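Notes follow once the structure below has been shown.
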Amino acid sequence: MPLRLFQSSGDLMADRRFEFARDLQLKGDLPAAADLLEQALELAPNFTSAWFTLGEIRSLLGERDKAIAAFRKSRESDPDDQHGAHLHLIRLGDAQLSEMPKAYVQALFDQYAPRFEHVLINDLGYRAPSLIFKAVLAARGAANKPALFKRAIDLGCGTGLAAAAFAKQVDHFTGIDLSPGMIKEARATELYAELEVADMIEGLRGKADASANLVVAADAFVYLSDLAPVLGEARRVLASGGVLAFTLETHGGSGIVLGEGLRYAHAAEYVRGAIARAGLKLLTLEAASPRIENNEPVRGLVIVAEKT
């Protein structure tokens with residue numbers, strides 16, 4: 001995963017204490033690391049990275065109340081919440097399930113961009129784009145329709161892996177991603193006719209009605225809690241007979257949960273309902289693992305829907 005986000009406190013001594021604390025944390029000496037972080041925070045009370053790291057350590061030590069207090073301080077010192085403290089507060093039961101801070105997602109993938117493909121393909125066995133591609137071909141074949149699309153939109157396009165999978169099937173590809181770093185990597189592939197730095201929903205809102213024949217999202221909706229807004233916009237943007245295809249992470253319960261990896265997992269029945277409420281026809285909903293995490297296949301779904 002990406003390099004750890006660090007925001008300097010502006011105080012050299014506080015930053016050095018933070019560095020020493022991180023070394024101790026990595027070595028497993030969590031109490032000593034926590035002590036050093038508290039020293040750093042005495043020098044720089046608004047040191048976001050120190051508050052966030054202290055929250056992580058307190059959580060690992062089983063000190064829930066202290067972890068919550070530290071994550072709250074991290075969020076207060078950086079209202080944009082680039083570290084994602086709010087997600088940890090959700091996991092700790094101190095905040096309601098809600099959408100991810102956009103600044104967190106952008107910072108996460110800006111750091112990840114230069115080594116995104118290497119890590120995903122070589123370390124995590126990533127196959128979401130190929131799952132979507134095969135599912136779309138199968139669905140179109142079952143309907144006796146060609147799997148050729150004049151205009152396609154790749155939501156959360158990353159470095160362009162989905163566009164590469166569909167390169168021979170699409171005439172005009174538009175990529176949308178919140179991360180400028182990812183867009184830079186995608187531009188280098190020359191697979192896209194257009195690229196935009198935008199939130200997925202905002203990007204779709206800028207598109208005309210019935211202006212696309214295919215919308216894909218490979219492992220992008222795992223960063224959305226409520227799927228209704230993006231499904232509604234995708235339906236509006238699709239022409240009649242157009243296809244929406246995406247992957248999700250899932251779980252054995254009901255509704256939506258925020259997993260340990262800080263990505264949302266959507267239950268299959270929730271997805272069925274969301275597709276129906278969006279006015280789309282569900283063609284495919286199958287269990288399929290998009291990648292490996294902690295040496296285990298991640299539970300996932302591949303979905304294909306159609307605008308009728």
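Between the residues 12, 138, 181, the greatest Cα displacement towards the positive end of the dipole of the chain, with unit charges on the Cβ of Lys, Arg, Asp and Glu, is found for 138. All other residues whose Cβ lies under 12 angstrom from that of residue 139 are scored, Lys and Arg at +1 and Asp and Glu at -1, for a net of +2.
Over the Cα atoms of the chain, the radius of gyration divided by the Kirkwood radius equals 1.02; this is the Rg/Rh ratio. Ranked by solvent-accessible area (1.4 Å probe, protein heavy atoms only, all chains present), the residues 13, 182, 200 order from largest to smallest as 13, 200, 182. Stokes-Einstein diffusion for the stretch 159-215, with the hydrodynamic radius set to the Kirkwood value over Cα pairs and evaluated at 37 °C in a medium of 0.692 mPa s, equals 281 µm²/s. Put a plus charge on the Cβ of each Lys and Arg, a minus charge on the Cβ of each Asp and Glu, and nothing anywhere else: the dipole of the chain about its Cα centre is then about 1240 debye. Helices in the chain, meaning DSSP H runs of at least 4 residues, each add -39500 (n - 2.57). Divided by all residues, the mean residue ellipticity at 222 nm is -13000 deg cm²/dmol. Ranked by the mean number of other Cβ atoms within 10 Å of their residues, highest first, the peptides 213-226, 59-72 fall in the order 213-226, 59-72. Scanning residues 5 or more positions from residue 288 or on other chains, those with amide H under 5 Å from its amide H are 300, 301, 302, with H placed 1.01 Å from N in the peptide plane. Hull volume per residue, based on the alpha-carbon atoms of the stretch 152-308 and their convex hull, is 109 Å³.
Packing, as the average of other Cβ atoms within 10 Å across residues, places the peptides 74-84, 276-286 in the order 74-84, 276-286, highest first.
Please give the per residue accessible area of the chain, computed with a probe of 1.4 Å over protein heavy atoms only, in Å². Please list the in-between numbers first.
Values: 13970 Å² over 308 residues.
Counting only protein heavy atoms, the per-residue value for the chain is 45 Å².
Over all distinct Cα-Cα pairs of the stretch 212-298, the Kirkwood formula returns a hydrodynamic radius of 13.6 Å. For the stretch 13-153, the fraction of alpha-carbon pairs lying more than 18 Å apart is 67 percent, rounded to a whole number. The angle between the Cα long axis of helix 30-43 and the main principal axis of the chain comes to about 80°, on a 0 to 90 degree scale.
Between the helical axis of 228-237 and the longest alpha-carbon principal axis of the chain there is an angle of about 40 degrees. Taking all Cα-Cα distances within the stretch 6-75, those exceeding 14 Å account for 50%.
Among beta bridges from DSSP that stay inside the chain, the antiparallel ones total about 50%. The aspartates and glutamates whose alpha-carbon is closer than 12 Å to the alpha-carbon of residue 27, local same-chain residues fewer than 8 away aside, do not include any residue. Can you tell which of 62, 86, 52 lies farthest toward the positive end of the dipole of the stretch 52-92, using +1 and -1 charges on the Cβ of basic and acidic side chains (Lys, Arg; Asp, Glu)? In the stretch 52-92, that residue is 62.
The values are calculated or read from the model by the stated rules, or taken from the named source; none is laboratory data. Everything numeric here is computed off the predicted structure, so don't read it as measured data. Don't worry about glycine lacking a Cβ; one is built from the backbone with ideal geometry, like all the others, and counts go over all protein chains shown. Remember, those area values only see protein heavy atoms, side chains included, never the ligands or the DNA or RNA. Shrake-Rupley method; radii C 1.70, N 1.55, O 1.52, S 1.80 Å.
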